[in-house]
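Undergrad: Would you mind keeping the following structure in view while I ask a few things?
Just so you know, all these numbers are worked out from the coordinates, no wet-lab data involved. On a predicted model such as this, the values are computed, not experimentally measured, just so you know. Please note: Cβ atoms are built from the backbone with ideal geometry, for glycine as well, and neighbour counts cover all protein chains shown.
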Ligand code: GAR
């Protein structure tokens with residue numbers, strides 16, 4: 001049974017979908033921690049209500065000292081005995097010093113069809129480019145931003161009249177299906193990419 005730490009920064013809807021999926025019979029993973037860099041992240045209360053241990057580590061007192069913030073985060077994750085990390089709307093860039101020790105054991109979900117639109121504002125950029133489809137990607141985390149091996153993708157159509165918000169909502173529905181599907185395979189040692197729908 002793989003012990004999974006989930007890192008969030010916000011509402012944590014992807015985190016909730018991962019927690020739900022890990023309750024399924026025969027799942028090869030279990031949550032050991034939900035941690036946020038924002039003490040006010042709404043997802044922390046949702047995790048606590050489900051009996052999952054939570055931690056908040058505010059990045060702001062660390063200023064520009066990313067290494068010190070990451071060292072503290074590593075300590076918290078280690079204290080909870082995690083075997084794997086799932087980034088789920090975690091909005092801090094993690095440096096190689098954090099990522100490298102977790103190589104092959106850390107996943108991220110990104111709201112675009114990578115390699116398109118690494119970074120922020122993915123829905124707006126897809127609309128501005130006139131794309132006819134958009135989606136989300138789960139990938140292994142490497143030191144390059146949004147650049148690790150792809151483990152799954154889900155596509156949605158771009159509809160006439162879409163705004164970044166309507167498009168984001170359509171993608172999020174698929175995120176909640178894709179991430180659990182990838183985690184279930186990955187935690188069982190299967191890296192075959194998942195394609196949805
Ligand atoms: C999700 O759309 C996720 O893909 C995105 O943030 C949102 C978090 O929502 N992640 C990134 O942009 C990472 N660069 P949630 O807190 O409801 O899961």
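Undergrad: If each of residue 49 and residue 129 carries a label point 7 Å out from its Cα toward its Cβ, how far apart are those two points in nm?
TA: So the two model labels end up 3.6 nm from each other.
Undergrad: Computed from the mean reciprocal separation of all distinct C-alpha pairs, what Kirkwood hydrodynamic radius does region 84-176 have, in Å?
TA: 13.6
Undergrad: What are the extents of the Cα atoms of the chain along their three principal axes, in Å, largest first?
TA: Principal-axis extents of the Cα atoms in the chain, largest first: 48, 43, 31 Å.
Undergrad: Next question, about the same structure. I'd like the orientation of helix 13-22 relative to the chain: the angle between its Cα long axis and the longest Cα principal axis, in ° from 0 to 90, rounded to 10.
TA: Helix 13-22 and the main axis of the chain meet at about 70 degrees.
Undergrad: To continue, here is another question. For helix 164-187, what angle does its Cα long axis make with the longest principal axis of the chain, in degrees from 0 to 90 and rounded to 10?
TA: Value to nearest ten degrees: 50.
Undergrad: Full extension from residue 147 to residue 188: what is 0.36 nm times the residue separation minus their Cα-Cα distance, to one decimal in nm?
TA: 12.5 nm
Undergrad: Give me 172, 94 sorted ascending by neighbouring Cβ count inside 10 Å, so fewest comes first.
TA: The order, fewest Cβ neighbours first, is 172, 94.
Undergrad: Distances longer than 20 Å among the Cα atoms of region 45-108: what percent of all pairs is that?
TA: 28
Undergrad: Give me the base-10 log of I(q)/I(0) for region 73-125 at each q in 0.14, 0.17, 0.30 Å⁻¹, Debye formula, one uniform scatterer per Cα, rounded to two decimals.
TA: -0.45, -0.63, -1.35
Undergrad: If you stretched the chain out fully between residue 64 and residue 30, how much longer would it get, using 0.36 nm times the residue separation minus the C-alpha to C-alpha distance?
TA: Extra length available between residue 64 and residue 30 comes to 8.9 nm.
Undergrad: In whole percent, what relative contact order does the chain give with Cα contacts below 8 Å and a gap of six or more residues?
TA: Relative contact order here is 20 percent.
Undergrad: Please give the calculated 222 nm ellipticity per residue for the chain, where each DSSP H segment of at least 4 residues contributes -39500 (n - 2.57) and the sum is spread over every residue; nearest 500 deg cm²/dmol?
TA: The helix contribution divided over the chain gives -10500 deg cm²/dmol.
Undergrad: Here's another thing I want to ask about it. If you average the alpha carbon positions of region 94-150 and of region 22-36, how far apart do those two centres end up, in angstrom?
TA: Comparing the Cα centres of region 94-150 and region 22-36, I get a distance of 23 Å.
Undergrad: By how many degrees, between 0 and 90 and to the nearest 10, does the Cα long axis of helix 66-79 differ from the longest principal axis of the chain?
TA: Helix 66-79 sits at roughly 70 degrees to that axis.
Undergrad: Using the 10 angstrom Cβ neighbour count as an exposure proxy, how do 100, 54 rank, fewest first?
TA: Least crowded to most crowded, the residues run 100, 54.
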